[in-house]
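A.B. asks: Dumping the structure here so I can ask a few things about it.
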Amino acid sequence: MIPKPAVQETIPGDFRLRPTSKVCLAARHDDEHARWIGEQLADRLELEDSSCDWLGDLDSSAAPIGSVVIVIDPGKTELGEEGYLLTVKADMITIYASDSRGAYYATESLVQLFDLSESDPRNNGDGRHLPCVRIKDRPRFVWRGFMLDSARHYQDLDLIKKWIDRMAALKLNRFHWHLCDDESWRLQIDKYPLLTEVSAWRVQDGKRYGGFYTKDQAREVVAYAKARGITVVPEIEMPGHCNAALHAYPYLSCKGDPINIGEDGWNMFTQVDGRLPFCVGKDQTLEFIKDILREVVEVFDTPYIHVGGDERPSGVWSECPHCQARMKQMGVPDEDALHVWFMSHIADFVRYDLGRQSIGWAEKLDVGIPENQIIQGWHPDQSAKAISEGRSIINSTHEWVYLDYPWTEEMQKRMPKWMPVLPLDKIYDFDPAREAGDPAASELVLGGEAPVWTEFIPNEAKLEAHVLPRLAALSEALWSPRESKNFDDFSRRLSRRDGKMKFKAVSSPIIFTGVTPKALTAVKKG
Ligand code: TNX
C-alpha cells in the first residue's frame, strides 16, 4: 500500500464480499459526512446496496455477516487525529476511528487492498476476496500538502477534482491552490471584475487563452475536497508576482502605467524583467487587497489563507514617492523592511479582521518575520531560520520537492539551468523535520508540501508526468513513520499500484512551446 501504513500485520483467513454485503455505520450521531463516507465506499466496492445503514450506537455486532462496519468513536483518542484501525476478518471488516477523516482514510486503504487483491492468484482474479489483515495507521505530519499553480496555466474543474481524488488516495490533506500570479488571475472577485474579465486571458499562438473559476466553482472544489479530508488553501500573491492584477488595475502599481500580459505573456515568465510589485504606499492598494481577501474568505470556508510574499521585484519601491512616504510613516529604513511591514500588516488583517490563519512564503526573514503567520520555506536555510525563531513552518525546500523540476539528467538539458534534477528516490528521502535539528524543534514543523509551478507545464499529460509518481513518494515521506521507509520496498509497491494510479511518467519530451530562448536564458533562481 502507498503510503505505507504505520502498522500492518497479516492475520489468518480470507474475507469475501457477497451479494448481501453492506456498509454499516456505528456512530453516536447520524452524521452526514460519516454517511457519505459509507456510501462512497459502497459505491467504490460496487456493492448491490450502496446505502449506508446507521446502527445507532457504537456496537458493530448488529451488522450482517460479510459487511464493512465503520465505527466513529470520539472516545478512541488513542487512534489519533486522522488515524484508524482497519481489521479485515473472515466474516467482517471493521473500521475504527475517532474522527470521520480517519474513517475516510480507512476506506481509501480498503479500496487499495481490494485493488491489489485483483491480481492476487488466490482470488480467482475477481478482486472480491481479501486476505485477512490488521492495519493501525496514523500520519506522521499534520500538513501533507500539494500545491497546484493554476495561474501560469489554467486547469478546468474536472481536472482539479481529479487531482483532489489522487491526493485523497495518497492521504494528502492540504490542497494549496495558487490562483494568481504575473501571468493570470483565476478567481472571480465581484468588486473587481476586470481581474477575470481581462486578466484571466492572454493571447497565445494567436488565440485567446486561459480561464477562471467562478465563486460557485471554487465553493464546489472546497466541498469536494472537504468530503475527502482535504483543506483547500487559496493563495493570493502579493506584493510581487502580481502583474495580472496590475494589468487589470494599473493604478495599483507605483507609476500606474499600463502593462501587458497578453501578447507578451510568454516572455514575462517568472524572474524576467518587466515584473512589478503592488504600490504599498497607496492606501487604495491596501484597500484593494483587503477587499479581495474579504471575498476570498467568503468563498473558501477553510482556516488558512496563503498571502504569497515571495520574490518582490526590488528597486521599484525606492523610486516611488508613495512608498517612500509609507516607509517614513512606518519608520522603516528600506524596501526589505517595508516588505516585512506589509506582510505583517496583512497577516494581522487576516488574523484579526477575517479570523483566519495566514501563511506566507519565507522572504527577508533576516529583516523580520511577520507575527501571526505560518512560514512556508522554499530554501533550506529559511525553514531553519524560522524554526530558530520559534515559528511554525511548512517545509517546501525546493530541491527536495519542486515538482516542476526535471527527474532525469537528460530532461534537465532541455530545462532552465537553475532547475536541479529531482528524481523519485530523492523526493522519497525528503524529511520535513531535517531542518529542525533537535527533536523539540520538530514540533514546529507542521509538515511538508510539494508545489508544481506550471510555467513549463501547459497540459494534463505534462502535469501527470511531472507530478506522478513523485507525489506518491511525497505522500510516504509525509505519512509513514521515518523508521519504516525503504525506497526499494516503495518502488515494488509503486509498480503494483501502477495500473490503478497511472503512476508511470509519460515519456513525451517537454517542449517549451512559445517560450523564446531569450526568456529561457533570462530565467534565474531568485
Ligand atoms: C519561484 S518558489 C517561485 C515561483 C516560480 C518557481 C519556479 C516561489 C515561492 N516562487 O513563482 O514558479 O520559482 O520554479
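The values are calculated or read from the model by the stated rules, or taken from the named source; none is laboratory data. All figures in this text were calculated on a predicted structure; none of them were measured in a lab. Cβ sites come from the backbone with ideal geometry, for glycine too, and all protein chains shown count toward neighbours.
A quick yes/no check of all residues on (1) more than 21 Å from Ser109 (Cβ to Cβ); (2) within 16 Å of the ligand (Cβ to nearest atom); (3) assigned to a loop (DSSP other than H, G, I, E, B):
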{"site": "Leu403", "(1), (2), (3)": "yes, yes, yes"}
{"site": "Thr454", "(1), (2), (3)": "yes, yes, yes"}
{"site": "Pro458", "(1), (2), (3)": "yes, yes, yes"}
{"site": "Ala461", "(1), (2), (3)": "yes, no, no"}
{"site": "His466", "(1), (2), (3)": "yes, yes, no"}
{"site": "Glu483", "(1), (2), (3)": "no, no, no"}
{"site": "Phe490", "(1), (2), (3)": "no, no, no"}
{"site": "Arg496", "(1), (2), (3)": "no, no, no"}
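A.B. asks: I would also like to ask the following. Looking at segment 374-392, which of the residues that are outside any helix (DSSP H, G or I) and closer than 19 Å to Asp348 by Cα is nearest to the ligand (Cβ to nearest atom)?
C.D. replies: Gln376
A.B. asks: Just one of Ala325, Ala347 is modelled with pLDDT of 95 or more, of a type outside the set (Val, Ile, Thr), in a helix (DSSP H, G or I) and over 28 Å from Met147 (Cα atoms); which is it?
C.D. replies: Ala325
A.B. asks: Out of Leu474, Leu446, Leu424, report the one residue that is closer than 26 Å to Ser495 by Cβ, hydrophobic (A, V, I, L, M, F, W, C) and either under 16 Å from the mean Cα position of the chain (by Cα) or within 16 Å of the ligand (Cβ to nearest atom) (or both).
C.D. replies: Leu474
A.B. asks: Look through segment 15-37, keep the residues that are surrounded by fewer than 18 Cβ atoms within 10 Å (Cβ to Cβ) and touching a strand residue (DSSP E or B) at 6+ places or on another chain (Cβ under 6 Å), and return whichever of them is modelled with the highest pLDDT.
C.D. replies: Arg16
A.B. asks: Related question: Within segment 4-44, can you find the residues that are more than 28 Å from Ala473 (Cα to Cα) and aliphatic (A, V, I, L, M)?
C.D. replies: Leu17, Val23, Leu25, Ala26, Ala27, Ala34, Ala42
A.B. asks: Gly355: away from the ligand (no atom under 16 Å from the Cβ) and over 23 Å from Pro277 (Cα atoms), yes or no?
C.D. replies: Answer is yes for this residue.
A.B. asks: Further question on the same structure: Failed condition for Asp158, given (1) more than 21 Å from Gly448 (Cα to Cα); (2) part of a helix (DSSP H, G or I); (3) touching a residue at least 12 places away in the same chain (Cβ under 8 Å), with all others met?
C.D. replies: Evaluating Asp158 over (1) more than 21 Å from Gly448 (Cα to Cα); (2) part of a helix (DSSP H, G or I); (3) touching a residue at least 12 places away in the same chain (Cβ under 8 Å) leaves (3) as the failure.
A.B. asks: Let me ask something else. How many of the residues making up segment 173-195 are within 16 Å of the ligand (Cβ to nearest atom) and in a loop (DSSP other than H, G, I, E, B)?
C.D. replies: Counting residues in segment 173-195 that are within 16 Å of the ligand (Cβ to nearest atom) and in a loop (DSSP other than H, G, I, E, B) gives 6.
A.B. asks: Output the number of residues of segment 312-331 satisfying the condition of being touching a residue at least 60 places away in the same chain (Cβ under 8 Å), within 16 Å of the ligand (Cβ to nearest atom) and touching a helix residue (DSSP H, G or I) at 6+ places or on another chain (Cβ under 9 Å).
C.D. replies: Quick first cut of segment 312-331, residues touching a residue at least 60 places away in the same chain (Cβ under 8 Å) only: 312-313, 316-317, 319-320, 322-323.
Right, trim to within 16 Å of the ligand (Cβ to nearest atom) and you get 312-313.
Now narrow it down to the ones that are touching a helix residue (DSSP H, G or I) at 6+ places or on another chain (Cβ under 9 Å): 312.
Within segment 312-331, residues that are touching a residue at least 60 places away in the same chain (Cβ under 8 Å), within 16 Å of the ligand (Cβ to nearest atom) and touching a helix residue (DSSP H, G or I) at 6+ places or on another chain (Cβ under 9 Å) number 1.
A.B. asks: Being crowded, with 16+ Cβ neighbours inside 10 Å and more than 23 Å from His178 (Cβ to Cβ) narrows it down to one of Val332, Val299, Val307, so name that one. First the steps, then the outcome.
C.D. replies: Details: Val299 fails: more than 23 Å from His178 (Cβ to Cβ); Val307 fails: more than 23 Å from His178 (Cβ to Cβ).
Just a single option satisfies the conditions, and that option is Val332.
A.B. asks: Looking at this structure, is Gly56 in contact with a strand residue (DSSP E or B) (Cβ under 7 Å, 6 or more places away or on another chain) and at positive phi?
C.D. replies: Values: in contact with a strand residue (DSSP E or B) (Cβ under 7 Å, 6 or more places away or on another chain): no; at positive phi: yes.
Answer is no for this residue.
A.B. asks: Being more than 15 Å from the ligand (Cβ to nearest atom) and among the small types (Gly, Ala, Ser) is the filter; apply it to segment 140-172 and report the residue that is farthest from Val299 (Cα to Cα).
C.D. replies: So the residue we want is Ala169.
A.B. asks: List every residue pair whose Cβ atoms lie under 6 Å apart, where the two residues are 6 or more positions apart in sequence or sit on different chains, the first residue falls within segment 138-155 and is outside any strand (DSSP E or B), and the second residue, located anywhere, is among the small types (Gly, Ala, Ser).
C.D. replies: Final answer for the pair search is Arg138/Ala6; Arg138/Gly80; Arg138/Gly83; Phe141/Gly447; Val142/Gly447; Ala151/Ser184; Tyr154/Gly210; Tyr154/Gly211.
A.B. asks: Which one is farthest from Val233 (Cα to Cα), of the residues in segment 359-373 that are of a type outside the set (D, E, K, R) and away from the ligand (no atom under 15 Å from the Cβ)?
C.D. replies: Val367
A.B. asks: Next question. I'd like to check something: does segment 416-428 contain any residue that is surrounded by 14 or more Cβ atoms within 10 Å (Cβ to Cβ) and at pLDDT below 95?
C.D. replies: The answer is yes, given that some residue of segment 416-428 is surrounded by 14 or more Cβ atoms within 10 Å (Cβ to Cβ) and at pLDDT below 95.
A.B. asks: Considering only segment 38-94, how many residues are farther than 18 Å from Arg134 by Cα, modelled with pLDDT of 95 or more and assigned to a loop (DSSP other than H, G, I, E, B)?
C.D. replies: 1
A.B. asks: Can you tell me which residue within segment 297-311, out of those that are over 15 Å from Asn173 (Cβ atoms) and part of a loop (DSSP other than H, G, I, E, B), is farthest from the ligand (Cβ to nearest atom)?
C.D. replies: If we take residues in segment 297-311 being over 15 Å from Asn173 (Cβ atoms) and part of a loop (DSSP other than H, G, I, E, B), then Asp301 is farthest from the ligand (Cβ to nearest atom).
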